[in-house]
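Report on one structure; see the data block that follows.
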């Protein structure tokens, strides 16, 4: 498999709406860091969360096995609570090259809205 | 024509909703890898699809003629079935420089939602 | 003013919906190449439009004065008609550094949907 | 903390809808430059706003403390008024590396629409 990606990434616009519409679990407002580890080594990936008025939280780690993806819900990072309805950014550092895309589903109103971008790649 | 683009690309947030609203074929939930081959040689483009819990599928190939585009529906890759309602990522490798933009139409609810990003370019 | 930007760009996912909802002119389905020329020289910008099954159209040119923006509706390029409801890509070449962001408003249904991405920068 | 980011950025598609639906302040149409300063020095960040038919406005400055974020509403830059319903672009220059993501909430119709992209990074 190709080695593709970077070892540091930023999602600058973190904001998880605190409300949702309807009962469908798939339609709950959420945002995710969608990550691909295309390589042959497991990637240890650490998340540090930054806020407007407080020191950052973390880092906290997840592992992506070789040749696997992980679509990580940013409200469900291990051992670290990102409050809903709060502006934040995330710095993501990996010991292997990975690729990250940031997606948000906003279902505060009856019809869902979605947005996505490849995260900002550092070195 | 200018030679523009890269030979490897990643779409990290693959997810095709399994439901749609209404009868209009253009409004069925789908996602696409929108590709431009601006060069004067045909591009052979291979897709490898990665999952959370299984080995990758593929590669499977498509060809983009010189000076042509191909908006490839990711649920219709030749000889390779990407299940609906499942998280995945796609590694796309080409023997010629191409440019890829990832777009999803989500029509699970009555009003459609769209999102797009230029895919992540490797080397 | 800073010299910032690139001289070649690609919008890979071109598609202008052929239908719109309502009477508000601002709500008609459209897509735009939103361009900034932050420099002190006028930028001559040429558009070449690529399709799935036909030779490309263009190039056709527009001029962005120094320190000005141009949000170019892609259905209103001078002397070049991009059909509605048709997949296309655009190669944009400028004699000065510029920055391009691609945005689509889709109002085929009663509630509008929007998507955006920085276009792909070449050299 | 890692030094990550760039010192110049462009948001090319600025446009703040002049109308909104409903009474919820969080649902008012707006757009933001979502910025992370992951470093250990305060970042002084200057905004210059470009238009189609007039000379640019600014620069005007904001400060992001070390290890903090700032989600800057682009209609609320200090000492500089960006008119609603007008096309514009923004050049953002910082004396420290930062990362910027551009997001717009469009609530002109009853259901909100959102779009996002990492801004264009210069040097």
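Scanning segment A:31-60 for residues that are over 18 Å from residue D:36 (Cβ atoms) and free of Cβ contacts under 8 Å to residues at least 60 places away in the same chain yields A:39, A:40, A:41, A:42, A:43, A:44.
Could we say that residue C:49 is farther than 20 Å from residue C:122 by Cβ, more than 8 Å from every other protein chain (Cβ to nearest Cβ) and assigned to a strand (DSSP E or B) here? Considered against the rule, which asks whether it is farther than 20 Å from residue C:122 by Cβ, more than 8 Å from every other protein chain (Cβ to nearest Cβ) and assigned to a strand (DSSP E or B), residue C:49 comes out as no.
Each residue in segment A:5-30 was checked for being assigned to a strand (DSSP E or B) and at pLDDT below 90, and 1 of them qualify.
Condition check ((1) within 14 Å of chain D (Cβ to nearest Cβ); (2) within 21 Å of residue C:15 (Cβ to Cβ)) across all residues:
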residue	(1), (2)
C:58	no, yes
C:67	yes, no
C:83	no, yes
C:88	no, yes
C:104	yes, yes
C:118	yes, yes
C:122	yes, no
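Selection over segment D:72-92 of residues that are at negative phi and surrounded by fewer than 20 Cβ atoms within 10 Å (Cβ to Cβ) gives a count of 10. Of the strands (runs of 3 or more DSSP E) lying entirely inside segment C:55-123, those containing at least 3 residues that are under 14 Å from the mean Cα position of the chain (by Cα), modelled with pLDDT of 95 or more and under 20 Å from residue B:115 (Cα atoms) are C:88-106. Among the residues of segment C:31-41, the ones that are modelled with pLDDT under 95 and either away from chain B (no Cβ under 11 Å) or out of contact with any strand residue (DSSP E or B) (no Cβ under 8 Å at 6 or more places or on another chain) (or both) come to 1 in all.
The values are calculated or read from the model by the stated rules, or taken from the named source; none is laboratory data. In this text the structure is predicted, and so the values were computed from the model without any measurement. Cβ: placed from backbone, ideal geometry, glycine included. Neighbour counts: every protein chain shown.
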